[in-house]
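To start, the structure under review is shown below, and the notes come after it.
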Amino acid sequence: MISEQEILNAGILIVDDQQSNVQLLEEMLRDAGYACIASTTDPYAVYALHQQNRYELILLDMQMPGMDGFQVMESLKEIEPDGYLPVLVITAQPGHKLRALAAGAKDFVSKPFDLVEVHTRIHNMLEVRLLYKKLGDYNKVLEQTVLERTAELRASEARFRRLTELSSDWYWEQDKDGHFTMIYGPVHEMLGIRVNDTLGRTEDQDAHWNEAERNVLEANLAARRPFLDFVYSRTKADGSRQYLMVSGEPMFDFSGRFTGYRGIGKDVTESMCSSDLLPRD
C-alpha cells in the first residue's frame, strides 16, 4: 500500500501558460501538504524537466501558444517507453477531454477549477501512479532475482556435473517404468546397451550378467530402496569380466509419489581385477 506521506512527497509539475493558474494550483497543493511542487509556463521546457526529474504527476494545460498539451504529451512518450504518461489534463474545452484520454492522459480537471475536485483527482492519481511504480520496481527486483537464481542453478548444475565426472563414469536418471530419462557419460556403453534407430535399445546378447548380482540389484529397484556402491559384473563376448559399481536413490514428488531413480555408476574392473581377493580373467 501507499502511505499518505508518500503521496504528499510525490513530485508534481504544473504546466500552464497563465501564471495566475499556476499560482492558484501551487497554493492549493501546498495547503494540502504537498511538498515537491515545480511549475513552468513554457510548454517547450516540459520534456527536459520531466526527463531530469521524472515527476509522479504532471498537471498539463491543453491550450498553450506555440506548443499545445497534445504536442507535449506526444513528446513525453519518448521518456515513458512503457506508455504510462503521468498526465492530468487541465482544460476548459469538453471536446479535449476524450481526445486527451485517448492520447495517453490518465485523468482531467475542468476550468474554472473546483478545488475539491482538483484535490481529489490529484490525490487519487498520485496513489495509482505510485502503486504502478512500486509494481514496476517489484517486477524488476523479481526479474533480477530470477536471473540470479537461474545463474546459481546453472553454476550448481555445472559443479554437480563436474563432481559427477570426477567421482564416477556416469550419472543416470530413470522414470517410474525404468526408462532412462537423463544420462551423463557412456551409460549405454557401460551397460552393454546398443542404440539402433530401427530396433531401439537392446542389450548385448553376447554378454552374460551375473544373475545373482542382477537379481539383488533388481530387487533393490523394485522395492524402491537406496543402494550404495553396489558391484555387479558380466562376462563380455571376448571372455573378459567387467565390474560396475552403482549407487542410486529413489525419487518422489511433493505428494510422495514415486517418480523414478537417480544415481551414479563407475566401471571398477581395473580395481577389482587388481585386488588380491579376485583372480584375473
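Values in this text are rule-based calculations from the coordinates and carry no lab data. What you see is a predicted model; the values in this text were computed from it and never measured. FYI the Cβ positions are ideal-geometry reconstructions off the backbone, even for glycines, and counts take in every protein chain you see.
Scan the stretch 227-262 for trypsin sites (Lys or Arg not before Pro) in coil per DSSP, keeping those whose Cβ has at most 14 other Cβ atoms within 10 Å, and list them by number. Can you show the working numbers first?
On the way: sites: ARG234, LYS236, ARG241, ARG257, ARG262; in loops: LYS236, ARG257.
Qualifying residues, ordered by number: ARG257.
Taking only Cα atoms, what is the 0 to 90° angle, nearest 10, from helix 211-222's long axis to the longest principal axis of the chain?
For 211-222 against the chain, the angle is about 30 degrees.
Where nothing but the Cβ of Lys and Arg (+1) and of Asp and Glu (-1) is charged, how large is the charge dipole of the chain around its Cα centre, in debye to the nearest 20? Before the final figure, lay out the partial values.
Working: 30 positive and 45 negative charges, 86 e Å.
The dipole magnitude comes to about 420 debye.
Rounding to the nearest 20 debye, state how big the charge dipole of the stretch 69-149 is about its Cα centre with +1 on each Lys and Arg Cβ and -1 on each Asp and Glu Cβ.
Values: 11 positive and 11 negative charges, 30 e Å.
Computed about the Cα centre, the dipole is about 140 debye.
Mind pulling the angle between the C-alpha long axis of helix 94-103 and the longest principal axis of the chain? Nearest 10 degrees, somewhere in 0 to 90.
With both axes taken from Cα atoms, the answer is about 20 degrees.
Taking LYS236 as the anchor, which lysines have their alpha carbon closer than 25 Å to its alpha carbon, excluding any fewer than eight residues away along the same chain?
Within the straight-line limit of under 25 Å, LYS236 reaches these lysines: LYS266.
In percent, how large is the relative contact order of the stretch 4-140, given Cα pairs closer than 8 Å and 6 or more residues apart?
The value is 22 percent.
When a/c reaches 1.5 or more, the comparison of a/b and b/c decides; with that in mind, is the stretch 4-140 rounded, prolate or oblate per its Cα gyration tensor?
rounded
What is the total of Lys pairs in the stretch 4-140 with C-alpha atoms under 26 Å apart, excluding same-chain pairs fewer than 8 positions apart?
Lysine pairs, 8 or more places apart or on different chains, close enough: 12.
Can you tell me the orientation of helix 115-167 relative to the chain, as the angle in degrees between its alpha-carbon axis and the longest Cα principal axis, to the nearest 10?
So the inclination is approximately 20 degrees.
Kindly work out what percent of the DSSP beta bridges joining two residues of the chain are antiparallel, to the nearest 5.
So the antiparallel bridges in the chain amount to around 65 percent.
Quick check for me: using +1 on Lys/Arg Cβ and -1 on Asp/Glu Cβ, what's the dipole size of the stretch 1-96 about its Cα centre, in debye to the nearest 20? Intermediate results must be reported in sequence, preceding the final value.
On the way: 3 positive and 15 negative charges, 12 e Å.
Taking the Cα centre of the stretch 1-96 as origin, the dipole is about 60 debye.
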